[in-house]
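Engineer: Okay, here's the structure, questions in a sec.
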Amino acid sequence: MGERNEAVTVVGAGLVGSLLSVFLARRGYSVEVLERRPDMRREVIDAGRSINLAISTRGLYALRQVGLEEEALKHAIPMRGRMIHPPKGALAYQPYGKDDSQHINSLARAWLNKFLMSAAEATGKVRIRFNQRVTQADLATGSLTVLDEASGQERQEAGRVLFGTDGSGSAVRQAMEQVPGFAATQEQLGHGYKELTIPAGPGGAFQMEKHALHIWPRGTYMLIGLPNEDGSFTCTLFLPWKGPVSFESLDSPAKLEAFFEEQFPDAKALIPDLTEAFFARPTGGMVTVKCAPWRVGDKALVLGDAAHAIVPFFGQGMNCGFEDCTVLDGLLEQHGTWADVFGTLERLRKTNADAIADMAVENFVEMRDSTGSPRFLLEKAVEKALLNAFPGEFVSRYSMVSFSRVPYRLAYEVGAIAGGIVSELSEGLTRAEDVDLGRAKQLIQERLVPFMKEH
Ligand code: FAD
C-alpha cells in the first residue's frame, strides 16, 4: 500500500466521505475532498434527503473509533420503541429491544454532516474543497475532470488513489461502468416521500412521546415521525407515486386535507402548515443500488451509498456506510497493498450490503402493513419475552441489525429462523404472557443454537 502521508482523493463530503476522511487522516494520509455543494457551515443549503435520521450501534461504533461518539450522542434523542398510531383508537407502544438500554437515536443530518466535516479538517490532514463537481473519472489512471461550480471552469486533476463517496448517483460509480465486467442495478421504489413538520409546543415541549419513533401504518402507505432536539418532529409521508392514493392523486388542498383528516387525524391537528408544506416541499425518490465490483485495481473504491444505496426503512443506510469505514480502517491497519485492501473490503462488505438492502425492502412492507395488526403486536411481545427469557441464545433480526455488529448477512439468516420460532409460538395465543417457554427453549435449542454454533 501507498506510503503513509500519501495524498488520496475522496469524492463527496457527505456523511460517509467526511467520516472516511477522518479515518484516513488518522492513518497518516493527506486527504483532498472534492464536494459538489457549497460549504453548509457557511451557507444555508438543504442538506438533502431526510432532515433527521436514526443512528444505531454500527454507526455509533464507527464514531467511537475516532472519538466522536460522545459529542454526537449529546445531540441525539433516544427512541426506545415504536409508537403506533391507528386511524382511530388508542396508541400502541412496542419497545425496540429487550429493555430501554437498547434504543436507536434520532440525530439531525445537517448537524452530523457539519460536525464530521469539522472533525475531518481538525485532523490537519484533510482539505475539503467545496463547489467542486467531479464530472468524469479516468479509473485507469485515477485522474478526474472537475467542474468548479462557482467559476464554471473545468480542470483535470492528477491521478491519485480515489474513494468515491458521492452518494447514490455516484459519478465515480458511473465511470466504473466503462470497466469491463462491471455491473450495476438500480431499482426505484414505487413510493416517494415528503417531509412535514410537527413544531414544538409552548416552551419547546414535545407534542407527542419524545422517546419513540412514531408510525402511522396504513397498508400501501404510511407516515412516520422522528423527534428533533428543538422539540419538533420531522414527519415523512411515504406514498405511491401513482394510483388511487398517491402523490399523483392528492393534487388539491381539499383532497389532501380530507385524506389527512381520515387517515392521520392526530398528526393533522399538530401540523399547522400541512397544505403549504405539502405542496411547496419536494417529493423525494428512493432507490436500491447494487453494483460489483466496488473497486478498480489499486486505483479506486466506492463506499457508502455510492456502492450500496438502500431504501430507508431499516434506518441503516448511513449506519452501513459508517461500518464500511470501520472495516476499511481495520484493513489499513494490516498494511496490505491498496489492491489487497480494496479487494478484501469488497469481499467482506458486498454480501452484507446486499443483505441489508433486501432487509430494508422487507421492512417497508412490515412497517406500512403489519405494524398496526394485532398479530404483529402479539409477535413483537412474544419476541421480547424470548429475548428476556433466553439472553444470548435467542436473538431477533431487528436486535441484531440495530443493536449489534453481527454481519448483516448472518442477521438476515438467523433472523429468519428466529422469526419462524416466534411465529410458531404465537399460533393460537392471545397474550404474550401465555407463551410456552418450555417449547420455546426446545425450538431455540433445535434450530437457533446449532446455526449460531456453525457460524
Ligand atoms: P450522501 O449522503 O448522498 O453524500 C454524498 C455527497 O457527495 C454529497 O455531499 C454530495 O453533494 C456529494 N456529491 C455527489 N455527487 C458528487 C460529484 N459528482 N462530485 C462531488 N461531490 C458529489 N440512514 C440511516 O442510517 N438511518 C436513517 O434513519 C436513514 N434515514 C433516511 C431517510 C431517508 C428519507 C433517506 C432518503 C435516507 C435515509 N438514510 C438513513 C440513508 C442515508 O441518508 C444514506 O445512507 C447516507 O446519506 C449515505 O451517505 P453517503 O455519504 O454515502 O452519501
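Where a number appears in this text, it was derived from the coordinates with a stated rule and is not lab data. Not measured: the values here are computed from a predicted model. Here the Cβ positions follow ideal geometry from the backbone for every residue, glycine too, while neighbour counts run over all protein chains shown.
Engineer: Give the angle, between 0 and 90 degrees and rounded to the nearest 10, that separates the Cα long axis of helix 338-365 from the longest principal axis of the Cα atoms of the chain.
Structural biologist: With rounding to tens, the tilt is 30 degrees.
Engineer: Continuing with this model, one more query. How far is helix 374-389 tilted, in degrees, relative to the longest principal axis of the Cα atoms in the chain, given as a value from 0 to 90 rounded to the nearest 10?
Structural biologist: 70 degrees
Engineer: Quick one: which of 101-109, 388-396, 272-280 comes out on top by average Cβ neighbours within 10 Å, and what's the full order, highest first?
Structural biologist: Details: 101-109: 20.8, 388-396: 16.3, 272-280: 13.9.
Per-residue mean Cβ counts within 10 Å order the peptides as 101-109, 388-396, 272-280.
Engineer: Can you compute 3J(HN,Hα) from phi for each residue in segment 436-442, using the Karplus curve 6.51 cos²θ - 1.76 cosθ + 1.60 with θ = phi - 60°, rounded to whole Hz and x for Gly and Pro?
Structural biologist: 7, 6, x, 5, 4, 4, 4
Engineer: Shifting gears a bit: Ratio to report: Rg/Rh of segment 33-123, with Cα atoms as the point set and Rh obtained by the Kirkwood method; give two decimals. Could the numbers behind the result be given before it?
Structural biologist: Numbers: Rg = 16.4 Å, Rh = 15.3 Å.
Across segment 33-123, the Cα-based Rg/Rh ratio is 1.07.
Engineer: Using 1/(1 + (r/R0)^6) with R0 = 25 angstrom and r between the beta carbons of Thr135 and Ala184, what's the FRET efficiency to the nearest 0.05? It would help to have the intermediate numbers written out before the result.
Structural biologist: Working: r = 18 Å, r/R0 = 0.74.
Once rounded, the FRET efficiency stands at 0.85.
Engineer: Can you give me the Cα centroid spacing of segment 372-401 and segment 139-163 in angstrom?
Structural biologist: After rounding, the separation between the Cα centres reads 50 Å.
Engineer: Right, something else. Per-residue HN-Hα couplings for segment 296-313, Karplus 6.51 cos²θ - 1.76 cosθ + 1.60 at θ = phi - 60°, whole Hz, x for Gly and Pro?
Structural biologist: 10, x, 9, 9, 8, 9, 9, 9, x, 4, 4, 9, 7, 6, 10, 6, x, 7
Engineer: With label points built 7 Å along Cα→Cβ from the Cα atoms of Arg26 and Glu6, find their separation and express it in nm.
Structural biologist: Label at Arg26, label at Glu6, 2.1 nm between them.
Engineer: Calculate the dipole size of the chain relative to its Cα centre from +1 charges on Lys and Arg beta carbons and -1 charges on Asp and Glu beta carbons; express the result in debye to the nearest 20.
Structural biologist: Details: 49 positive and 57 negative charges, 79 e Å.
Dipole size: approximately 380 debye.
Engineer: How big is the shadow of the Cα convex hull of segment 219-294, averaged over all directions, in nm²? Mind showing how you got there, number by number?
Structural biologist: Numbers: hull surface 29.7 nm².
Its average projected convex-hull area is 7.4 nm².
Engineer: List the aspartates and glutamates whose alpha-carbon lies under 19 Å from that of Lys98, not counting same-chain residues fewer than 8 positions away?
Structural biologist: List returned: Glu379, Glu383, Glu393, Glu433, Asp434, Asp436.
Engineer: Please give the direction-averaged projected area of the C-alpha convex hull for segment 243-370, in square nanometres with one decimal. Walk me through the intermediate numbers first.
Structural biologist: Details: hull surface 42.2 nm².
Over every viewing direction, the Cα hull of segment 243-370 projects on average to 10.6 nm².
Engineer: Then there's this: Can you say what percent of the DSSP beta bridges in the chain, counting only those with both residues inside, are antiparallel? Round to 5.
Structural biologist: Bridges in the chain are about 70 percent antiparallel.
Engineer: Quick check on my link table: of Lys384/Lys453; Lys74/Lys299; Lys242/Lys268, which ones sit more than 31 Å apart, alpha carbon to alpha carbon?
Structural biologist: Values: Lys384/Lys453 23 Å; Lys74/Lys299 38 Å; Lys242/Lys268 23 Å.
As for pairs spanning more than 31 Å Cα to Cα, those are Lys74/Lys299.
Engineer: Using alpha-carbon pairs under 8 Å, 6+ residues apart, how would you state the relative contact order of segment 189-285 in percent?
Structural biologist: 35 percent
Engineer: Using only the alpha-carbon atoms, what does the chain span along each of its principal axes? Please give whole angstrom values in decreasing order.
Structural biologist: So the three principal-axis extents are 66, 57, 42 Å.
Engineer: Cα centroids of segment 209-268 and segment 59-104: how far apart, whole angstrom?
Structural biologist: 21 Å
Engineer: If you put +1 on each Lys and Arg Cβ and -1 on each Asp and Glu Cβ, how big is the dipole of segment 189-285 around its Cα centre, in Debye rounded to 20? If you can, show how the numbers build up before the last one.
Structural biologist: Working: 7 positive and 12 negative charges, 52 e Å.
The calculated dipole for segment 189-285 is roughly 260 debye.
Engineer: Nearest 10 degrees, 0 to 90: what angle lies between the long axis of helix 15-26 and the longest principal axis of the chain (Cα atoms)?
Structural biologist: Orientation of helix 15-26: about 50 degrees from the principal axis.
Engineer: Rounded to the nearest angstrom and ordered from largest down, what semi-axes does the equivalent ellipsoid of segment 373-454 get from its C-alpha gyration tensor (root of 5λ)?
Structural biologist: Details: eigenvalues 83, 41, 21 Å².
Semi-axes, largest first: 20, 14, 10 Å.
Engineer: Suppose each label sits 7 Å from its Cα in the direction of the beta carbon; what would the Arg127-Gln153 distance come out to in nanometres?
Structural biologist: Using points 7 Å along Cα→Cβ, the separation is 1.4 nm.
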